[in-house]
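The structure under discussion appears below in the form of structure tokens.
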Amino acid sequence: MTLGHPFGDRVLQQVTERLKKCIRQVDTAARLGGDEFVLLLHEANGEGAEICARRVLEELSAPFSLDGMHFTVTASIGIALYPEDGISMADLIKNADSAMYHVKERGRSDFRFYQRQMNIGLLSRMKLDHAMRQALEHQRFRLHYQPQVELATGKMLGVEALLRWTDKDLGEVSPVQFIPVAEESGVIVPIGNWVMQTAIKQAALWNRDGKSMRVAINVSALQFQQANFVDSIAAALHEHALQPHCIELELTESILIKDVEDALKKLESLAALGVKLAIDDFGTGYSSLSYLKRFPIYKLKIDRSFVGDLPVDESDVAIVTAIIHLAHALKLRVIAEGVETDRQREFLQQRQCDEMQGYLFSQAMSADELEQRYLR
């Protein structure tokens, strides 16, 4: 909670009082830790469990009030039945937990009964998490770099650092598959730190050789929330003697509005260092645009989902045109990702988009291959 642990504890106390209203005297309620509770329903069948779950969801949906603040909370509920889903308390809690995660993955504020195949998904996530930790320890991750090109001149201005991973057992694992698991387990923080250090080191090597090269680096929400985030970047820039303007951090909109004041402080510190800041996947997140005025943003990145059907889809044409106009009105640069056809490039040029990135110019490649192809 951004309002502090004491406030959060008081919220949990109110939640506890509401949960008490949802169970009978013969039932048991316990807090496992954090914001997780277990309800043990005495001799209840599936119908009784569902009635209780619906009652909990309804009870928690009513607004809370604390210190003059009004807010709502949501609950994700997993249900395991005795003896079908386990005969020990540990097995029942584990399987209810597995069902709860399926609710979270599908939007929260709902309930779901445990099904045996759910543990396959849980074991798969656990295996992937372990494999990622091993990959980090044994240096099996690598970075590829995709060029970012100025539309008006065709000149390569920089690259985006993209994480790649080939596992000895799993083979080539897509970031779409492993990044969400890394974010869920928290291993995204050390992985993100490795990416940051490696990309800054590579940028320093390129710029030391006289090549003017900007490197864009994706930042996860958990990584950005670390107290030493700004200091770690400043230390890496100092260690590798890299000018800060050679690094561009790509942040999602969700990062910026999660804790606005903390985000503002960090972004101002990064801007004071001289690091460039860009909003990744712009247009796919939140509708509030006030942060564009408050935060020291340098560039907006148009998400590929708006680029793929250009210039045929009228909605995409309108959205992309509006984003470019908005960016330029705020004196921001704008880059479109996922550009794959000449028609897309021509449309973006006509709308005066500043930069593009995509297979039309180049796919992502290793640092050595990039040097041989573009930096000789």
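The values are calculated or read from the model by the stated rules, or taken from the named source; none is laboratory data. Treat the numbers as computed from the prediction; the structure is a model and nothing was measured. Please note: Cβ atoms are built from the backbone with ideal geometry, for glycine as well, and neighbour counts cover all protein chains shown.
Here are the numbers:
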item: Residue, farthest from LYS276 (Cα to Cα), within the stretch 165-189, restricted to residues that are touching a residue at least 40 places away in the same chain (Cβ under 8 Å) and not β-branched (Val, Ile, Thr); result: LEU170
item: Boolean, ARG345 is over 24 Å from the mean Cα position of the chain (by Cα), basic (Lys, Arg) and buried (at least 20 other Cβ atoms within 10 Å of the Cβ); result: yes
item: ASP316 being acidic (Asp, Glu), crowded, with 16+ Cβ neighbours inside 10 Å and touching a residue at least 12 places away in the same chain (Cβ under 8 Å); result: no
item: Scope the stretch 235-248; condition over 25 Å from ASP303 (Cα atoms) and not in a helix (DSSP H, G or I); matching residues; result: HIS240, ALA241, LEU242, GLN243
item: Sole residue being modelled with pLDDT of 95 or more, under 23 Å from the mean Cα position of the chain (by Cα), assigned by TED's automatic domain parsing to the domain that holds GLN146 and on the phi < 0 side of the Ramachandran plot, chosen from PHE282, PHE229, PHE295; result: PHE229
item: Residue check, TYR291 out of contact with any helix residue (DSSP H, G or I) (no Cβ under 6 Å at 6 or more places or on another chain), of a type in the set (Phe, Trp, Tyr) and crowded, with 16+ Cβ neighbours inside 10 Å; result: no
item: Checklist (1) in contact with a Lys or Arg (Cβ under 6 Å, 6 or more places away or on another chain); (2) surrounded by fewer than 19 Cβ atoms within 10 Å (Cβ to Cβ) applied to PHE282, failing item; result: (2)
item: Residues satisfying the stated conditions in the stretch 39-89, i.e. of a type in the set (Val, Ile, Thr) and either surrounded by 15 or more Cβ atoms within 10 Å (Cβ to Cβ) or more than 24 Å from LEU12 (Cα to Cα) (or both); result: VAL56, VAL73, ILE77, ILE79, ILE87
item: Those residues of the stretch 122-170 which are under 25 Å from GLN372 (Cβ atoms), out of contact with any strand residue (DSSP E or B) (no Cβ under 6 Å at 6 or more places or on another chain) and hydroxyl-bearing (Ser, Thr, Tyr), in sequence order; result: THR153
item: In the stretch 57-68, the residues that are touching a residue at least 40 places away in the same chain (Cβ under 8 Å) and either β-branched (Val, Ile, Thr) or more than 15 Å from THR16 (Cα to Cα) (or both); result: ASP67
item: Boolean, SER109 is under 23 Å from PRO180 (Cα atoms), at pLDDT 90 or above and either small (Gly, Ala, Ser) or exposed (fewer than 10 other Cβ atoms within 10 Å of the Cβ) (or both); result: no
item: Only listed residue being surrounded by 20 or more Cβ atoms within 10 Å (Cβ to Cβ) and under 21 Å from PRO180 (Cβ atoms), chosen from LEU222, LEU242, LEU251; result: LEU251
item: Pick from the stretch 15-38, criterion surrounded by 15 or more Cβ atoms within 10 Å (Cβ to Cβ) and out of contact with any Asp or Glu (no Cβ under 6 Å at 6 or more places or on another chain), ranking: nearest to ASP67 (Cα to Cα); result: VAL15
item: Residue that is in a helix (DSSP H, G or I), in the same structural domain as GLY192 (by TED's automatic domain parsing), in contact (Cβ under 8 Å) with a residue 24 or more places away in the chain and of a type in the set (A, V, I, L, M, F, W, C), where the choices are LEU300, LEU310, LEU251, LEU270; result: LEU270
